[in-house]
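What follows is a set of notes on a single structure, which appears directly below.
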Amino acid sequence: MAYDDNNVFAKILRGEIPCKKVYEDEHALAFHDINPQAPVHVLVIPKGKYVSMVDFAAGASPAEQAGFLRAVGKTAAALGLDAGGYRILANHGANAHQEVPHFHVHIFGGKRLGPMLSGGSLPR
Ligand code: AMP
């Protein structure tokens, strides 16, 4: 899939729409999700134009990849989530309901988050 410059996170990166910023460096921007699914729900996005995890893993430079990963850790620490724990999630494509076609990870925290997926385990 080609990168769409009009996606909402591209607009946030260009400063065309606001965000509630948590952390920023040369590689990444982190901000609060507009529709939080947990007491803490923050998105971390790379500054480069990558549609999803697959695209980022294949196309981003080692410095971008390392910088992004560090930014995720710094964001969680800045939110005070290290001691209590948190969950990181990345949606890729239709089965995962990826809504915004700019690679991002979700950080959830602030409460016991329950099972990993809604619907629980598959029957064995
Ligand atoms: P995903 O389904 O993984 O693509 O998640 C996209 C996320 O972006 C959703 O959790 C939305 O609530 C969030 N979102 C959409 N627009 C904005 C926005 N303008 N600011 C912050 N979060 C947003």
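Just so it is clear, none of the values below were taken in a lab; they were calculated from the coordinates. Computed from a predicted structure; not experimentally measured. A quick note on method: Cβ atoms are made from the backbone with ideal geometry, for glycine too, and the neighbour counts reach across all protein chains shown.
Rounded, prolate or oblate: which fits segment 15-124 when a ≥ b ≥ c are the square roots of the eigenvalues of the alpha-carbon gyration tensor, with rounded for a/c under 1.5 and prolate only if a/b beats b/c?
Values: a/c = 1.62, a/b = 1.21, b/c = 1.34.
Here segment 15-124 falls in the oblate category.
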Please work out the Cα center distance from segment 73-124 to segment 1-64, rounded to the nearest Å. 15 Å
What do you get for GluC sites (Glu not before Pro) in segment 1-85 restricted to DSSP loop and a cutoff of at most 13 other Cβ within 10 Å of the site's Cβ? Glu16, Glu26
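If I stretch the segment between Asn95 and Ala77 completely, what's the gain in nm (0.36 nm per residue apart, minus their alpha carbon distance), one decimal?
On the way: separation 18, 0.36 × 18 = 6.48 nm, distance 3.03 nm.
Working it through step by step, the gained length comes to 3.4 nm.
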With all pairs of different alpha carbon atoms counted, what Kirkwood hydrodynamic radius in Å does segment 76-124 show? 12.8 Å
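Tell me, what is the percent relative contact order of segment 1-103, built from C-alpha pairs under 8 Å that lie six or more residues apart?
Numbers: 121 pairs, mean separation 32.3, N = 103.
Taking the mean separation of contacting Cα pairs over the length of segment 1-103, I get 31 percent.
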Can you list the lysines whose alpha carbon is less than 24 Å from that of Lys49, not counting same-chain residues fewer than 8 positions off? Lys11, Lys20, Lys21, Lys74
Relative contact order (%) - segment 68-124, alpha-carbon pairs under 8 angstrom, separation at least six: 32 percent
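Compute the orientation-averaged projected area for segment 50-105 from the convex hull of its Cα atoms and round it to one decimal in nm².
For segment 50-105, the mean projected area of the Cα convex hull comes to 4.3 nm².
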